[in-house]
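Working notes, beginning with the structure itself.
The values are calculated or read from the model by the stated rules, or taken from the named source; none is laboratory data. The model shown is predicted, which means the values in this text are computed figures rather than measured ones. Cβ sites come from the backbone with ideal geometry, for glycine too, and all protein chains shown count toward neighbours.
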Amino acid sequence: MIALLLVVVVDLIGFGIIIPLLPFYAETYGASPQKVTMLMVTFSFFQFMAAPIWGYLSDKFGRRIIIWITLIGSIIAYVLLAYSQTIYGLFFARAFAGFMAGNISTAQAYLTDITDKNNRAKAMGLFGAAFGLGFILGPAIGGILAGPDPQNPNVFLPPIAAALLSSIALLLAVFTLKDTRPKVTDNKNKRITSLVEALRIPNLRQLILLSFIVTVVFASMESTFSLWSERTFYWGAEQNGYIFAFAGICGVIVQGFLISPLVKRYGESNLCIFGILLLALGMLSVSISYLNYHAYFSMALIAFGLGLFMPTISTLIVNIVSEDRRGWVLGVNQSVSSLARIIGPAIAGVLFEFYGKNSPYIFGSLILLLFLASLRNFIKKSIN
């Protein structure tokens, strides 16, 4: 498990390097807020198309080989991003990166293969902590490399650094990961049929709805926060890198140290509900922030909420299906999350451009608060 977590950390540092840069990279070509968020949509659309395919292939051919292939694809995507000369080049690079972004769900499936049901929540928490650690170092490094000026960021160094780190992750995967492959006899590589089949399972359908709603709201924040902070505090990539790194620290605290004892005391369902509430409060807090420290407080609420929600929802989902279908169900959940990451930024871009910089956060908070009671019922039903 340590080897897998190390691969995930190194790869996600590379992924995190790009986060604070992309909005400012697009703005160097005159992109509007709506077009900036569409750059995020492009990545998620192709991830949505590819996720169940990678999940099925990992079930059939083994997790390790799929992790190798997708890491190679990530390296190529970062190089394309570094050498993009037009806004269309950016869109192509992100489309290819999205299609090759199957290593995370595959790594999750690998983790469930090597853990039993009793230890799975703790393992998912450690996975989330590895994820968070990548997002501590990655955005900070990316912000420093891109620089503090929102009008003139360094657009070459961050993607090249990300490509180098993904190359290191690939070498670690080649030399440290052992293969795990459950025996499967069904073919679930079709995105639509996989999703339809999952939605026919009542408890699974409810959990997937939870994941979808929360991801829509979080993606709306993620895709617009740099634009929001630029207009509120005149921050560039460097300052945004620091606050995303701070969010990563909060995620590590929750998922690395708190999730396991909290699950034992309160259970996955209650933590899932509380995570949604914290996320709603964090979104609302962003919309009324006017000082730097207030923005950090708001991001902490969001990070703690997501840190409670993600490992608990993943555990609830994988515990519903048989062991030989973990890769499939995680692929479907990743596919639904990618669909949410298409819808969330698309809505947020329109709201941001036409209704003001605070509108995506007010909208997201209201959605979560309005649905919180019904979402609570969904979780309770799923564990009956």
Of the conditions (1) modelled with pLDDT under 90; (2) more than 22 Å from GLY344 (Cα to Cα); (3) not acidic (Asp, Glu), PHE246 clears all except one; give me its number. (1)
Restrict the check to the stretch 36-54 and report whether at least one residue is part of a loop (DSSP other than H, G, I, E, B), over 15 Å from the mean Cα position of the chain (by Cα) and buried (at least 19 other Cβ atoms within 10 Å of the Cβ). no
Of all residues in the stretch 233-275 being among the polar types (S, T, N, Q) and within 24 Å of PHE15 (Cα to Cα), the one that is surrounded by the fewest Cβ atoms within 10 Å (Cβ to Cβ): GLN239
Restricting attention to the stretch 324-337, does a residue exist that is among the aromatic types (Phe, Trp, Tyr) and modelled with pLDDT of 95 or more? no
So ILE66 clears everything in (1) touching a residue at least 24 places away in the same chain (Cβ under 8 Å); (2) among the hydrophobic types (A, V, I, L, M, F, W, C); (3) surrounded by fewer than 18 Cβ atoms within 10 Å (Cβ to Cβ) except one condition, right? Which one? (3)
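Conditions (1) hydrophobic (A, V, I, L, M, F, W, C); (2) under 29 Å from ALA198 (Cβ atoms), marked per residue:
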residue	(1), (2)
ILE18	yes, no
PHE24	yes, no
ALA31	yes, no
LYS35	no, no
MET38	yes, yes
VAL41	yes, yes
PHE46	yes, yes
LEU57	yes, yes
Just to check your reading of the model, which residue among TYR29, TYR25 is modelled with pLDDT of 90 or more, more than 21 Å from LEU165 (Cα to Cα) and aromatic (Phe, Trp, Tyr)? TYR29
Among ALA348, ALA300, the single one that is surrounded by fewer than 24 Cβ atoms within 10 Å (Cβ to Cβ) and either free of Cβ contacts under 8 Å to residues at least 40 places away in the same chain or touching a helix residue (DSSP H, G or I) at 6+ places or on another chain (Cβ under 8 Å) (or both) is ALA300
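Taking the options ALA77, ALA95, name whichever one is touching a Pro at 6+ places or on another chain (Cβ under 9 Å) and at pLDDT 85 or above.
Numbers: ALA95 fails: touching a Pro at 6+ places or on another chain (Cβ under 9 Å).
Matching residue, one of ALA77, ALA95: ALA77.
Residue by residue, here is whether (1) of a type outside the set (S, T, N, Q); (2) in contact (Cβ under 8 Å) with a residue 60 or more places away in the chain; (3) farther than 30 Å from GLY267 by Cα holds:
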{"site": "ALA95", "(1), (2), (3)": "yes, no, yes"}
{"site": "ALA101", "(1), (2), (3)": "yes, no, yes"}
{"site": "SER105", "(1), (2), (3)": "no, yes, no"}
{"site": "ARG120", "(1), (2), (3)": "yes, yes, no"}
{"site": "PHE127", "(1), (2), (3)": "yes, yes, no"}
{"site": "LEU133", "(1), (2), (3)": "yes, yes, no"}
{"site": "LEU137", "(1), (2), (3)": "yes, yes, yes"}
{"site": "ALA169", "(1), (2), (3)": "yes, yes, yes"}
Every residue from the stretch 61-95 that is of a type in the set (D, E, K, R) and closer than 16 Å to VAL41 by Cα: ARG94
Filter result (under 23 Å from MET49 (Cα atoms) and surrounded by fewer than 24 Cβ atoms within 10 Å (Cβ to Cβ)) within the stretch 102-129: ILE104
Within the stretch 301-343, tally of residues that are of a type in the set (A, V, I, L, M) and touching a Ser or Thr at 6+ places or on another chain (Cβ under 8 Å): 12
